[in-house]
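Have a look at this one.
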Amino acid sequence: MTGLSILSLPQILSVCKVADLSQVDPDSEPLFIGRTSDEVSVVCPTDMVPDNTLERDDGWRAFRIAGQLEFSMVGVLAGISSVLADAGIPIFVVSTYDTDYILVKTGRFDETLHVLSEAGYVVDRS
């Protein structure tokens, strides 16, 4: 599916496993929290990584699909991930109620946006 708009986010992000949510700043943006019976994961700006982080992987950049994606839309994430997989670019994906965020390592971010642009996605690099 092409023609979708991709908006890049300026922050450098970290993906963390934390002991608990007590030291996570709920006002940091972007902030994604995943909690299961086995772990608590957080994606946050690198300068906001909680002190109680058990493991972390720094050096991520993110972009999001512009607008609100209806739940009935099919293949949006599959299209993007296929284009990036064909280019050998690994991704980490986080979804919200409205849209999807795709994270790639900082060193591959410009290449990622170029590959998506070449595939017909409208890329906003602001």
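The values are calculated or read from the model by the stated rules, or taken from the named source; none is laboratory data. What you see is a predicted model; the values in this text were computed from it and never measured. As a convention, Cβ positions derive from the backbone with ideal geometry for all residues, glycine included, and neighbour counts pool all protein chains shown. Surface accessibility is based on the protein's heavy atoms, side chains included, excluding ligands, DNA and RNA. Shrake-Rupley method; radii C 1.70, N 1.55, O 1.52, S 1.80 Å.
So, residue 111, is that one charged (D, E, K, R), over 14 Å from the mean Cα position of the chain (by Cα) and surrounded by 14 or more Cβ atoms within 10 Å (Cβ to Cβ) or not? Spell out the reasoning first.
Details: charged (D, E, K, R): yes; over 14 Å from the mean Cα position of the chain (by Cα): yes; surrounded by 14 or more Cβ atoms within 10 Å (Cβ to Cβ): yes.
Against the criterion (charged (D, E, K, R), over 14 Å from the mean Cα position of the chain (by Cα) and surrounded by 14 or more Cβ atoms within 10 Å (Cβ to Cβ)), residue 111 qualifies.
Considering only the range 117-126, I want to know if a residue exists there that is at pLDDT 95 or above and either of a type in the set (Ser, Thr, Tyr) or in contact with a Pro (Cβ under 8 Å, 6 or more places away or on another chain) (or both). Before the answer, list the steps.
Of the residues in the range 117-126, the ones at pLDDT 95 or above are none.
Taking every residue of the range 117-126 in turn, none turns out to be at pLDDT 95 or above and either of a type in the set (Ser, Thr, Tyr) or in contact with a Pro (Cβ under 8 Å, 6 or more places away or on another chain) (or both).
I'd like to verify a number: residues in the range 69-95 that are among the β-branched types (Val, Ile, Thr), modelled with pLDDT under 80 and under 15 Å from residue 5 (Cα atoms), how many? Before the answer, list the steps.
Residues of the range 69-95 among the β-branched types (Val, Ile, Thr): 74, 76, 80, 83, 89, 91, 93-94.
With modelled with pLDDT under 80 added as a condition, the list becomes 74, 76.
Now restrict to residues that are under 15 Å from residue 5 (Cα atoms): 76.
So the count comes out to 1.
I've got another one for you. Does the range 41-51 include one or more residues that are among the small types (Gly, Ala, Ser), farther than 22 Å from residue 107 by Cβ and either modelled with pLDDT of 95 or more or open to solvent by 70 Å² or more (accessible area, probe 1.4 Å) (or both)?
Yes; the residues of the range 41-51 include at least one that is among the small types (Gly, Ala, Ser), farther than 22 Å from residue 107 by Cβ and either modelled with pLDDT of 95 or more or open to solvent by 70 Å² or more (accessible area, probe 1.4 Å) (or both).
Also: Go through the residues of the range 58-67 one by one and say whether even a single one is of a type in the set (Asp, Glu) and out of contact with any Lys or Arg (no Cβ under 8 Å at 6 or more places or on another chain). Step through it out loud before you land on a result.
Keep residues of the range 58-67 that are of a type in the set (Asp, Glu), which gives 58.
Checking which are out of contact with any Lys or Arg (no Cβ under 8 Å at 6 or more places or on another chain) leaves us with 58.
Yes - at least one qualifying residue is present in the range 58-67.
Can you report the number of residues in the range 4-32 which are open to solvent by 50 Å² or more (accessible area, probe 1.4 Å) and either hydroxyl-bearing (Ser, Thr, Tyr) or in a loop (DSSP other than H, G, I, E, B) (or both)? Let's see the steps before the verdict.
From the range 4-32, those open to solvent by 50 Å² or more (accessible area, probe 1.4 Å) are 10-12, 17, 19-23, 25-27, 29; that's our starting set.
Subset that is either hydroxyl-bearing (Ser, Thr, Tyr) or in a loop (DSSP other than H, G, I, E, B) (or both): 10-12, 19-23, 25-27, 29.
Matching residues across the range 4-32 total 12.
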